[in-house]
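To keep things clear, I will list the structure first and then write my remarks on it.
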Amino acid sequence: MLRPPEGSDWVALTASPLRVDEAITWATTKGSGAVVSFLGVVRNHSEGREGVVGLTYEAYEQPARRAMIDIAAEARTRWPMLQRLVLWHRTGDLSLSEASVAAVVSAPHRREAFAAAQHCIDTLKASVPIWKREHWSGGSTWIECEHPDSAESRLDESA
């Protein structure tokens, strides 16, 4: 399982279930008046497809972790009052309702905590090299993600 870091940012890729209660407890400090958490979970449908039964996530671990650390650093630059920040993503096979990604941010006030948490999850989804394979009864396929280096993004840029 994940172990809390010495510093104020807890960034991890893991095959273990995400224990959000631990992330929230760790992120809560005496100076934080707001702790905002976002939890992405596996759902039973996606764009144009019903009957999803699970997902598989894969990542280039070193570049993905580095990108997540950079996201945390950027959030701290934009919102220097942040207390603690958690950014976790699962890898491996996940079933319906399992947590795949978590962002937890603490700050003295809710406005900054909400803004930083949204920035972290949106930036992670758009830029970290993590891929997902969607499974349904009768098959599976890799899903096009929001990565700037994806084929879809390259097509959009050339238009």
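Which of (1) out of contact with any helix residue (DSSP H, G or I) (no Cβ under 7 Å at 6 or more places or on another chain); (2) assigned to a strand (DSSP E or B); (3) among the polar types (S, T, N, Q); (4) over 30 Å from SER137 (Cβ atoms) is the odd one out, the single condition GLN62 does not satisfy?
(2)
Could you tell me which of the residues GLU152, GLU146, GLU74, GLU112 is of a type outside the set (Val, Ile, Thr), over 23 Å from TRP10 (Cβ atoms) and either in a helix (DSSP H, G or I) or modelled with pLDDT of 95 or more (or both)?
Every option except GLU152 fails the conditions.
Would you mind finding the one in LEU13, LEU82 that is within 16 Å of the chain's Cα centre (by Cα) and surrounded by 12 or more Cβ atoms within 10 Å (Cβ to Cβ)?
LEU13
What's the number of the condition PRO63 fails, among (1) touching a Pro at 6+ places or on another chain (Cβ under 7 Å); (2) surrounded by 13 or more Cβ atoms within 10 Å (Cβ to Cβ)?
Going through the list (1) touching a Pro at 6+ places or on another chain (Cβ under 7 Å); (2) surrounded by 13 or more Cβ atoms within 10 Å (Cβ to Cβ), PRO63 breaks only (2).
Among the residues of segment 118-133, which ones are touching a helix residue (DSSP H, G or I) at 6+ places or on another chain (Cβ under 8 Å) and part of a helix (DSSP H, G or I)?
Residues satisfying the conditions are HIS119, CYS120, THR123, LEU124, SER127.
With respect to SER37, determine if the residue is in contact with a helix residue (DSSP H, G or I) (Cβ under 9 Å, 6 or more places away or on another chain), part of a loop (DSSP other than H, G, I, E, B), modelled with pLDDT of 95 or more and crowded, with 17+ Cβ neighbours inside 10 Å.
no
The values are calculated or read from the model by the stated rules, or taken from the named source; none is laboratory data. As the structure is a prediction and not an experimental result, all values here were calculated from the model. Cβ coordinates were reconstructed from backbone atoms using ideal geometry, including for glycine residues, and neighbour counts include every protein chain displayed.
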